[in-house]
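Peer 1: I'd like to ask some things about the structure below.
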Amino acid sequence: MSPYAHDEPVPGFAEVHAAQQARYPMAEPGRQPVHTVYVPADRFSASTVAEWGGRALSLAEAHLEAFAPGVRDRVLGKLAREPVEDLRIDFEDGYGVRPHEEEDGHAEQAARAVARLHAAGTLPRRWGLRVKSFADGDPARSVRTLGGFLTGVLERAGELPAGFTVTFPKVLMEAYLGQFAGVLERLEARLGLSGLRFEMQVEAPQTLPFLRAELPLTLGGRLAAAHFGVFDYTAAIGLPPHEQRLDHPACDHARHVMQTAFAGTGVELSDGSLAAGPASDRADDVHALWGRHARLVGHSLAHGFHQGWDMHPAQLVSRFATVYAFHLAHYDSYRERVRAWEERRAAGGGVMDEPATVRTLAAALRRADAVLFP
């Protein structure tokens, strides 16, 4: 006979289960952008989103062929309707080190542009800025830019539009994360805001050891996402320039560490970028760029990374085309397999799916629905 009564609680279970639920909320994620568009602060204006969309649409109309049913029309419609899903105004590597007065001016200019986009209803549903890294040794510059930008947006827009986030790059020391979370807390108090969150960039091998599931909790829930930085990472581990690519095995390793660390936590993951545009507007050059970019986007999708960074308007075409083709290729078969499971029968080809696979199929359909039928 068991020494325990059948209804006797297991000592300590309630506390551990509560910790599990806090650390791994396993909540169904919201709609995640398929990309982040990265624009240096000195080149950003209220017309940037329209210019990127117009440039991409022109290239697509001229050169995009229908390589999968329904893809071309979807891409053209997307570029006309919502070319940019997530926008990041860059004050770090893409911007460089400037005199304080110049960066202050660009922060004010960016705030003015954001307010204009918001007033026109054309501000992307995700947007924000990337500040300089604390690893550069001057955190005050990062805080000054962020504070000035937020103040400018609030003064001009009357509110902080929904979808705002901050990108925090080159996290070489774990303590920087807590310090930056503290910066956001103090800015909230000073500006009357709430819910400021940030995304960290994983750009160095030193960052991988302190990625772990409890990190979002220790940061007060402020960590929203982790974005991979391919060029800094591959340079830091000593790869030659021609091997600085998203599909290098070293990058696969880093992404898998990110997935392992944040699985079930609700922290979104994003892949990095391809720093290239077409050599010209000629069909051969445009197709070469699209082919190269599409292969990398497809590699990311196959590895479970559904978001990446786009650096040139031409990449919007290959990004959306590859994402749409990826989801359309398996949509009907996934739906049939879920239906077969619900009806307790074998799917096509005699497939008998495991419960974990069915959950994955259902999750893939939810993501596909958000992308294909927004």
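This table checks each residue for (1) under 30 Å from A236 (Cα atoms); (2) in contact with a helix residue (DSSP H, G or I) (Cβ under 9 Å, 6 or more places away or on another chain); (3) without any contact (Cβ under 8 Å) to a residue 12 or more places away in the chain.
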| position | (1), (2), (3) |
| --- | --- |
| E103 | yes, yes, no |
| L123 | no, yes, no |
| D136 | yes, yes, no |
| T165 | yes, no, no |
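Peer 1: Here's another thing I want to ask about it. Among the residues of the range 94-122, what is the count of those that are open to solvent by less than 30 Å² (accessible area, probe 1.4 Å) and outside any helix (DSSP H, G or I)?
Peer 2: 3
Peer 1: Tell me, which residue of the range 261-287 that is aliphatic (A, V, I, L, M) and open to solvent by 60 Å² or more (accessible area, probe 1.4 Å) is farthest from T167 (Cα to Cα)?
Peer 2: Per the stated criteria, the residue is A279.
Peer 1: If you don't mind, there's one more thing I want to ask. If G158 satisfies all but one of (1) closer than 17 Å to H227 by Cα; (2) surrounded by fewer than 19 Cβ atoms within 10 Å (Cβ to Cβ); (3) not aliphatic (A, V, I, L, M), what's the number of the condition it fails?
Peer 2: (1)
Peer 1: Now, a different point. Would you confirm whether any residue within the range 245-260 is surrounded by fewer than 19 Cβ atoms within 10 Å (Cβ to Cβ), at pLDDT below 95 and small (G, A, S)?
Peer 2: Scanning the range 245-260 turns up no residue that is surrounded by fewer than 19 Cβ atoms within 10 Å (Cβ to Cβ), at pLDDT below 95 and small (G, A, S).
Peer 1: Filter the range 120-147 down to residues that are touching a Gly at 6+ places or on another chain (Cβ under 6 Å) and polar (S, T, N, Q), then give me how many there are.
Peer 2: 0
Peer 1: Report, by residue number, each residue of the range 43-56 that is more than 20 Å from H293 (Cα to Cα) and open to solvent by less than 60 Å² (accessible area, probe 1.4 Å).
Peer 2: F44, S45, A46, S47, T48, V49 - these are the residues of the range 43-56 that are more than 20 Å from H293 (Cα to Cα) and open to solvent by less than 60 Å² (accessible area, probe 1.4 Å).
Peer 1: Here are some residues: V166, V183, V143, V153. Which one is hydrophobic (A, V, I, L, M, F, W, C) and part of a strand (DSSP E or B)?
Peer 2: Residue meeting the stated conditions: V166.
Peer 1: Quick check on the range 162-180. Is at least one of its residues among the aromatic types (F, W, Y) and open to solvent by 40 Å² or more (accessible area, probe 1.4 Å)?
Peer 2: Yes, the conditions are met somewhere in the range 162-180.
Peer 1: What's the total number of residues in the range 68-92 that are closer than 16 Å to G128 by Cβ and either acidic (D, E) or surrounded by fewer than 22 Cβ atoms within 10 Å (Cβ to Cβ) (or both)?
Peer 2: Counting residues in the range 68-92 that are closer than 16 Å to G128 by Cβ and either acidic (D, E) or surrounded by fewer than 22 Cβ atoms within 10 Å (Cβ to Cβ) (or both) gives 4.
Peer 1: Oh, and also: Mind checking whether some residue in the range 228-238 is surrounded by 14 or more Cβ atoms within 10 Å (Cβ to Cβ) and under 27 Å from A111 (Cα atoms)?
Peer 2: Yes, the range 228-238 contains a residue that is surrounded by 14 or more Cβ atoms within 10 Å (Cβ to Cβ) and under 27 Å from A111 (Cα atoms).
Peer 1: On to the next question. Could you say which residue among V230, V297 is in contact with a helix residue (DSSP H, G or I) (Cβ under 7 Å, 6 or more places away or on another chain) and more than 16 Å from T322 (Cα to Cα)?
Peer 2: V230
Peer 1: Residues of the range 342-354 being open to solvent by 60 Å² or more (accessible area, probe 1.4 Å) and within 32 Å of the chain's Cα centre (by Cα), which ones?
Peer 2: Once the filter is applied, which keeps residues that are open to solvent by 60 Å² or more (accessible area, probe 1.4 Å) and within 32 Å of the chain's Cα centre (by Cα), the range 342-354 yields only E354.
Peer 1: Given (1) in contact (Cβ under 8 Å) with a residue 12 or more places away in the chain; (2) more than 30 Å from T122 (Cβ to Cβ), identify the lone condition not met by R186.
Peer 2: For R186, the exception is condition (1).
Peer 1: Answer yes if at least one residue in the range 199-211 is more than 17 Å from the chain's Cα centre (by Cα) and either surrounded by fewer than 14 Cβ atoms within 10 Å (Cβ to Cβ) or at pLDDT below 95 (or both), and no otherwise.
Peer 2: yes
Peer 1: I would also like to ask the following. Can you tell me how many residues within the range 300-333 are surrounded by fewer than 17 Cβ atoms within 10 Å (Cβ to Cβ), in a helix (DSSP H, G or I) and touching a residue at least 40 places away in the same chain (Cβ under 8 Å)?
Peer 2: So the count comes out to 2.
Peer 1: If L59 meets every condition in (1) at pLDDT 95 or above; (2) open to solvent by 20 Å² or more (accessible area, probe 1.4 Å); (3) under 20 Å from L289 (Cα atoms) apart from one, which number is that one?
Peer 2: Tallying (1) at pLDDT 95 or above; (2) open to solvent by 20 Å² or more (accessible area, probe 1.4 Å); (3) under 20 Å from L289 (Cα atoms), L59 fails exactly one: (2).
The values are calculated or read from the model by the stated rules, or taken from the named source; none is laboratory data. It should be emphasised that the depicted structure is a prediction, and the values quoted were computed from it without experimental measurement. Don't worry about glycine lacking a Cβ; one is built from the backbone with ideal geometry, like all the others, and counts go over all protein chains shown. The accessibility values were calculated without ligands, DNA or RNA, using every heavy atom of the protein model including side chains. Shrake-Rupley method; radii C 1.70, N 1.55, O 1.52, S 1.80 Å.
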